[in-house]
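Worksheet: one structure, shown below.
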Amino acid sequence: MSDSLEIKKEDLESVIEKDPALNVDEPKEKSSLKWLILLTVIIGTFLGRLDQTIVNLALPKIISDYGISVSAAGWIATAYILANAIFVPIWGKLGDTIGRKKVYMMGFSIFIFGSVLAGLAWNLSSMIVFRIIQAIAASADYPTAMAILAVTFKHGKERAQALGIWSSSFAAASVFGPLIGGPLIDNFGWRSVFMINLPVGIIGMAMAYIYINESVSERATKVFDWWGALALGASLGSLVLVLDQGLDWGWTSLPIIGLYIATLAFGILFVWIEKGHPEPIVDLKFFKNKIFVSALVNNFVVFMGMMGSLFLIPIFAQTFLGYSATESGYLFIPMAFSLMVAAPIGGSFTGKVQPRYIIFWSTLVAAIGLYLFVRIDPRSGAIDIIVPLMIMAGGLGFGMAQRTNVVASAVPQHEIGVASSVLALIRNIAGAFGIAVFGTILSVGVKNKVAEIVLNSTLKIHTTKEYAQAIGLINLRAEISAYTNVFITSAVIVFIGAFLALLMKVDKKDERNDIEVFVE
């Protein structure tokens, strides 16, 4: 990839006239429908992410009804994560090939069908199968939704705002999951968290059918890269399984070592297949694009640091502050509003400020928000958690549209679906990687701190009660210290991610259309 070149305005206008996909002079009626299209894809994205969050609340009831262990129930989540990661790139390529609206509606309909089946599941095996169906369908949402928005909102500034608003639906779903799921489970049973997808899904399907226009890549795919898809799926499946089960199985256990080897072997096979395939499922030339790679690196580091540490907040609130699951969910409501307000504001700066500076400062603010968590302890109140969450989310939201828009702008129009699927994949893996890493840091940190305290303490104990109290205090101190280390580490990682954003050197956009121009 060579440096970006500046193109004359009259030449760009000529290109736009010849390519309807880039024509920004659209009828007012069509323009007015764009925001309904945005609302439509938000419903799909919100529903898919809401389901992923809400099912975790139902696990205790499912465990009780099926009479299974906690570790066995963990496969309900693991199967979903595995299937979702594997199929994201496949759906992205199919959307570019046969039509994004077709793939979006296909995924939506299968998701509704899988939800109903999951609500009727009679044992663990059937539940796992139906969750896999749900996950396969849900993985179609991100790449097709992002591509639909990218071709619907063609102005750089307008597109960034739309992508920012859409991106905020991810956080909103994770917040409202506990708030919606708790009452549903308490009043209607755990099966209701699956059945609720039916009426909402039908509304979303109807809106997609009415409002979304079909779009495909200008280059028709003649030979689908099935072998590449299988190799990528095997590599990703092995990697996700390592991240999900590594802490329980042991990072150096024989099964995990086998998965390390499988991840590497299938990954090498995937690269070999892609290099020789005329129409690869993931075009490796993307990774010669410095802007695209820089954006992916920033997204990986930021999402690893934040997702890896934030999953511990509800655990901390329930373990040390005595909050219920629903009360823990309330803590995240201000965070959701902070993110939803900041996202479109950050998008409005497109064309006015270079994306790397917006991403840099927003990521820096997010790192500060994470660092503020080092102050929390068992004496903390709700405000001690809410304020850092709002600062972190505000920073994340302010740069969210720019992160997504840089990726969409750095690749050819006909490959937006594939590029967005790579972005989704990187964010998902980063989140799983962060949770695995910080879960391990917490676990190892507690053990090491307990040993350190015991070695450096002299206990004067006379009764069994005093002994129990002493052990409790040692564990408490060790756990608080381990949480502090986790938040310091996550803040440092996100802080590093801020400076990595400065590598995204995007050239000045054409003033009339806000279209970023790149040539190879």
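The values are calculated or read from the model by the stated rules, or taken from the named source; none is laboratory data. Computed from a predicted model, the values in this text were never measured in an experiment. Positions of Cβ are backbone-derived with ideal geometry, glycine not excepted, and every protein chain shown enters the neighbour counts.
Sort out which residues of region 209-224 are at pLDDT 65 or above and among the hydroxyl-bearing types (Ser, Thr, Tyr), and write them in order of number. Selection gives 209, 211, 215. Selection within region 329-338: residues that are modelled with pLDDT under 80 and among the aliphatic types (A, V, I, L, M). The member of this set that is surrounded by the most Cβ atoms within 10 Å (Cβ to Cβ) is 336.
Results for (1) among the small types (Gly, Ala, Ser); (2) at pLDDT 80 or above; (3) in contact with a Phe, Trp or Tyr (Cβ under 9 Å, 6 or more places away or on another chain); (4) more than 20 Å from residue 66 (Cβ to Cβ), shown as yes or no for each residue.
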residue: 82; (1), (2), (3), (4): no, no, no, yes
residue: 105; (1), (2), (3), (4): no, yes, yes, yes
residue: 131; (1), (2), (3), (4): no, yes, yes, no
residue: 145; (1), (2), (3), (4): yes, yes, yes, yes
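Checked against the criterion of being free of Cβ contacts under 8 Å to residues at least 60 places away in the same chain and either over 24 Å from residue 78 (Cα atoms) or within 19 Å of the chain's Cα centre (by Cα) (or both), the candidates 151, 103, 129 yield just one match: 103. Only helices (runs of 4 or more DSSP H) whose full extent lies in region 282-333 are considered here, and the ones with at least 2 residues that are closer than 24 Å to residue 60 by Cβ, under 14 Å from the mean Cα position of the chain (by Cα) and in the same structural domain as residue 494 (by TED's automatic domain parsing) are 290-310. Of the residues making up region 317-355, those that are hydroxyl-bearing (Ser, Thr, Tyr) and under 19 Å from residue 392 (Cα atoms) are 328, 330, 338.
If I filter region 354-376 for residues that are over 20 Å from the mean Cα position of the chain (by Cα) and modelled with pLDDT under 80, do I get at least one hit? Within region 354-376 (the criterion being over 20 Å from the mean Cα position of the chain (by Cα) and modelled with pLDDT under 80), the answer is no, since none of the residues qualifies. Restricting 83, 118 to those that are touching a residue at least 12 places away in the same chain (Cβ under 8 Å) and either within 21 Å of the chain's Cα centre (by Cα) or surrounded by fewer than 19 Cβ atoms within 10 Å (Cβ to Cβ) (or both) reduces the list to 83. Annotation note: of 301, 411, 353, the sole residue that is β-branched (Val, Ile, Thr), out of contact with any Ser or Thr (no Cβ under 7 Å at 6 or more places or on another chain) and surrounded by fewer than 18 Cβ atoms within 10 Å (Cβ to Cβ) is 353. Remark: pairs (first residue in region 484-505, under 13 Å from residue 376 (Cβ atoms); second residue acidic (Asp, Glu); Cβ separation under 9 Å; 6+ apart in sequence or on different chains) = 484/377. The combined condition, being in contact with an Asp or Glu (Cβ under 9 Å, 6 or more places away or on another chain), closer than 30 Å to residue 483 by Cβ and assigned to a helix (DSSP H, G or I), is not fulfilled by residue 363. Among what's in region 225-279 and is in a loop (DSSP other than H, G, I, E, B) and over 17 Å from residue 422 (Cβ atoms), pick the residue that is modelled with the lowest pLDDT. Ranking the candidates gives 278 first.
Please determine whether any residue of region 441-453 is out of contact with any Lys or Arg (no Cβ under 8 Å at 6 or more places or on another chain), of a type outside the set (Gly, Ala, Ser), closer than 28 Å to residue 337 by Cβ and in a helix (DSSP H, G or I).
no
For every residue, the table says whether it meets (1) among the acidic types (Asp, Glu); (2) under 28 Å from the mean Cα position of the chain (by Cα); (3) in the same structural domain as residue 96 (by TED's automatic domain parsing); (4) at pLDDT 75 or above.
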position	(1), (2), (3), (4)
411	no, yes, no, no
427	no, yes, no, yes
440	no, yes, no, yes
445	no, yes, no, yes
472	no, no, no, no
476	no, no, no, no
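Checking each residue of region 158-173 against the condition of being more than 18 Å from the chain's Cα centre (by Cα) and under 15 Å from residue 47 (Cα atoms) gives no match.
Of all the criteria given as (1) of a type outside the set (A, V, I, L, M, F, W, C); (2) surrounded by fewer than 19 Cβ atoms within 10 Å (Cβ to Cβ); (3) assigned by TED's automatic domain parsing to the domain that holds residue 150, the one not satisfied by residue 204 is (2).
Within region 412-425, can one find any residue that is free of Cβ contacts under 8 Å to residues at least 40 places away in the same chain and in contact with a Phe, Trp or Tyr (Cβ under 7 Å, 6 or more places away or on another chain)? No: region 412-425 contains no residue that is free of Cβ contacts under 8 Å to residues at least 40 places away in the same chain and in contact with a Phe, Trp or Tyr (Cβ under 7 Å, 6 or more places away or on another chain). Here is the figure for region 376-395: residues that are closer than 12 Å to residue 310 by Cα and touching a Gly at 6+ places or on another chain (Cβ under 6 Å) total 2. The residues of region 369-386 that are within 12 Å of residue 487 (Cβ to Cβ) and assigned to a helix (DSSP H, G or I), listed by number, are 369, 370, 371, 372, 373, 374, 375, 385.
Of all residues in region 121-135, those being part of a helix (DSSP H, G or I) and surrounded by fewer than 22 Cβ atoms within 10 Å (Cβ to Cβ) number 7.
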